[in-house]
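The structure appears right after this line, and notes come after that.
The values are calculated or read from the model by the stated rules, or taken from the named source; none is laboratory data. Predicted model, so just to flag it, every value in this text is computed and none were measured. Virtual Cβ from ideal backbone geometry, glycine too; neighbours counted across all protein chains shown. Heavy atoms of the whole protein, side chains included, go into the accessibility calculation; ligands, DNA and RNA do not. Shrake-Rupley method; radii C 1.70, N 1.55, O 1.52, S 1.80 Å.
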Amino acid sequence: MPLERGASVKIELEEALELIKANIAPIMKADDISILDAAGRVCAEDVKSPICVPPFDNSPLDGYALRAEDSHMPLEVIDSITAGMESEKALQSGQAIALTTGCPMPKGADCVVAQEKTKKIEGKIKPLEILRPFQNFRKKGEDVDKGDIIIKKGQVIDHIKIGMIASCGMNMVKVYGKPKVAVLATGDELWPRWKGPLPAGKIYSSNDIMIYTRIKELGADMIKLEAARDDKEDLAKAIVDIAKDVDLLITTGGVSVGVKDLMPEVMKDIGAKTIFHGINIKPGSVAMFSRYDEMAILSLSGNPRPAAITLELLARPILAAMMQNKDIELTPKKAIMQGNFEKISPSRRFVSGIFPNALLDIPSNSPPLRVGSEVTIWMSNSKI
């Protein structure tokens, strides 16, 4: 139920995350896109190979194709081919065909001897090892058989998977749509960068750019970057207008309990449903999550550091649910402190870590942390 302005009801982070998941629906719309644009997208259907990979029996190395039963004798080299060529000759007993890696296996051959494992004897080649049938022999469909699923529905597509799709001769792949996201910065004190030097009492607007670029890094479509004054009518109009085109709105500022913290009242005025307002963490305890029509609204502090921390903790699960991409969601893991953290933490505190994309989770009533202490960090499986 919506919370009254100034209400001090706060919930634990874990409950907030559950409420987010319960109130976010995945974007089911799917698009066929070029594989050149597919990195980081979520596959919307099982991708089946229309061909065998490799499409023919071939040699995995440079050498000579022969019959295994002839590997004990000198062999006459009757042809020589390189990748992209196919020999028109069929091997008979006592014969070999020189070939390079990737060449189709000649008719009659069932193995390949490496070039460096042969010697020349009176114009012929003599294998220096006895080979077995199908030794050094890559069979048709050995990597992928026709009809094999090479990418499963719901998997995140990366460069390796794109290479697999390309090797099967496909140019397009069906992926789930991206959420459309807008950022709204609030505050009479904000001064746009393009207006030049700061007037007295103003600060440059930076949270909006930080949020905009971070959400773009996480894979969403950023379509609007807006600003509004500390005025209820101005804020309400901005939110209602944005909702026409957007799946997720992230606001910064106006969400605490000060005279100009109007966002909770605005949510009530426009008929939005406040899912929660306030989390038992520092920094960023004033974060609020709401829904207005089909749009989710995440409202963050106007203070840059709390905004950045709660953006990671709360925006990631929203995007993960919308994009059906669990890789970008933060999950708790154990780690060992490599340095000291000297502060006492009366409240649960989150601190940016040196470990890539990690937040250190310090429980409430914690003394300073020392090198070697086991701690909890929140991090994602993705590289962003």
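Select from segment 227-268 the residues that are among the acidic types (D, E), over 13 Å from I297 (Cβ atoms) and under 33 Å from the mean Cα position of the chain (by Cα) and list them in ascending order.
Across segment 227-268, the qualifying residues are D241, D245.
Consider V113 against the criteria (1) open to solvent by less than 70 Å² (accessible area, probe 1.4 Å); (2) in contact with a helix residue (DSSP H, G or I) (Cβ under 9 Å, 6 or more places away or on another chain); (3) β-branched (V, I, T): it satisfies all of them except one. Which criterion is unmet?
With (1) open to solvent by less than 70 Å² (accessible area, probe 1.4 Å); (2) in contact with a helix residue (DSSP H, G or I) (Cβ under 9 Å, 6 or more places away or on another chain); (3) β-branched (V, I, T) applied to V113, the lone miss is (2).
Any residue at all in segment 41-56 that's over 18 Å from K152 (Cα atoms) and open to solvent by 50 Å² or more (accessible area, probe 1.4 Å)?
Within segment 41-56 (the criterion being over 18 Å from K152 (Cα atoms) and open to solvent by 50 Å² or more (accessible area, probe 1.4 Å)), the answer is yes, since at least one residue qualifies.
Report those strands (runs of 3 or more DSSP E) wholly inside segment 22-95 carrying at least 3 residues which are modelled with pLDDT under 95.
none
Need the failing condition index for V255 against (1) under 11 Å from T186 (Cβ atoms); (2) part of a helix (DSSP H, G or I), just the number.
Only one criterion is unmet by V255, namely (2).
Residues that are more than 18 Å from the chain's Cα centre (by Cα), aliphatic (A, V, I, L, M) and surrounded by 19 or more Cβ atoms within 10 Å (Cβ to Cβ), at least 3 per element: which strands (runs of 3 or more DSSP E) completely within segment 138-189 meet that?
The strands (runs of 3 or more DSSP E) meeting that bar are 180-186.
Does segment 30-50 contain any residue that is over 30 Å from M322 (Cα atoms), touching a Gly at 6+ places or on another chain (Cβ under 9 Å) and in contact (Cβ under 8 Å) with a residue 60 or more places away in the chain?
For segment 30-50, residues over 30 Å from M322 (Cα atoms), touching a Gly at 6+ places or on another chain (Cβ under 9 Å) and in contact (Cβ under 8 Å) with a residue 60 or more places away in the chain: present.
Checking the conditions here, which among A220, A238, A243, A227 is under 21 Å from N357 (Cα atoms) and in contact with a strand residue (DSSP E or B) (Cβ under 7 Å, 6 or more places away or on another chain)?
Answer to the check: A220.
Show the residue pairs that are 6+ apart or on different chains and have beta-carbon atoms under 8 Å apart, the first residue being within segment 264-279 and farther than 13 Å from K10 by Cα and open to solvent by less than 20 Å² (accessible area, probe 1.4 Å), the second being of a type in the set (V, I, T) and at pLDDT below 95.
Short answer, once both residue conditions are applied: P264/V255.
Are there any pairs, at least 6 apart or on different chains, whose C-beta atoms fall under 7 Å, with the first in segment 295-311 and without any contact (Cβ under 8 Å) to a residue 12 or more places away in the chain and the second of a type in the set (D, E, K, R) and surrounded by fewer than 24 Cβ atoms within 10 Å (Cβ to Cβ), and if so, which?
none
Of the residues that sit in segment 194-237 and are β-branched (V, I, T) and assigned to a helix (DSSP H, G or I), which one is farthest from I157 (Cα to Cα)?
I209
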